Each structure stands twice: as C-alpha cells, then as structure tokens.
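Please see the structure below; I have some questions.
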C-alpha cells in the first residue's frame, strides 16, 4: 500500500509484524549512483523523517535500514522498526525466525499520518 507519493518518490508499506516502510524513486534507477544528486539527498531526508517518526511513535530498540535490490533491481530503501519482542530480533527480518512475536504496537494508520504530515511540512 502506498502511503505517500509525489513527483519524485513514493513510500510503500511492507506487510510485516513490525513497522516497515520502503522508499522508492518514481524513476526506476538501477543503482543509487544513477540517481541524480539532488534526488539522492532527498531520499536521505525522507529516510530521516521516517526514522525520526518511527523512533518517536514506536520507541523501538533499533531502526534497521536496508537496500539490497537484488530481487527488485531498482533503487529503494527499507526502513524497519525493530523490537526485542519481534520474531526475528536480533536477526534481520529476512533471516531465521527465532520466536513467536509478542508485540503490542500502536495504530499504524496514525503512524502513516504522522509521516505524511512531517513530509508535507518540509
């Protein structure tokens, strides 16, 4: 589900037990180095907004960021709030599941609204 979109990029949710957003450029650049410098800088600004909102809203143990783009060969950045009680912690979400998650998180729709509001105010 796309929660934010403008002419340069969009933010999509990842179906998961944890808060997990993905930032995509509208243009399907293959490598980060192919992205024009101003847009690259904007990607990191958007990452900063998401990270800040995740920390303030969810109070996670850690924020994970990843950009592999092997399966989907285009620039995108994963931003994940991690908790000791999630099913994979401290492993990556793509790694071995260690337990059944025991998470009691606030409403994700409110989080999405906070992200959109923060991005619009920039």
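Whole-Å semi-axes of segment 2-120's equivalent ellipsoid, largest first, each the root of 5 times a Cα gyration tensor eigenvalue?
25, 18, 11
I've got another one for you. Where Rh is the Kirkwood radius over the Cα pairs of segment 44-103, the temperature 10 °C and the viscosity 1.306 mPa s, what D in µm²/s does Stokes-Einstein return?
126
With each pseudo-label sitting 7 Å past Cα toward Cβ, what's the residue 85-residue 6 distance in nm, one decimal?
It is 3.5 nm.
For helix 108-120, report the angle its Cα long axis makes with the longest principal axis of the Cα atoms of the chain; keep it between 0 and 90° and round to the nearest 10°.
The answer is roughly 30 degrees.
Per residue, how big is the convex hull of segment 1-51 when only Cα atoms are used? Give it in Å³.
Roughly 87 Å³ of hull volume per residue.
Quote to one decimal, in nm, the extra length available between residue 56 and residue 32 on full extension: 0.36 nm per residue of separation minus the C-alpha distance between them.
Residue separation times 0.36 nm, minus the Cα-Cα distance, leaves 5.8 nm.
Please compute the length gained on full extension between residue 64 and residue 116, using 0.36 nm multiplied by the number of residues separating them and subtracting their Cα-Cα distance.
The residue 64-residue 116 span can extend by a further 16.7 nm.
Read-outs: derived from the displayed coordinates by stated rules, not from any lab. Here the structure is a predicted model, which is why all the values come from computation and not from measurement. Glycine gets a Cβ as well: all are built from the backbone with ideal geometry, and neighbour counts include every protein chain shown.
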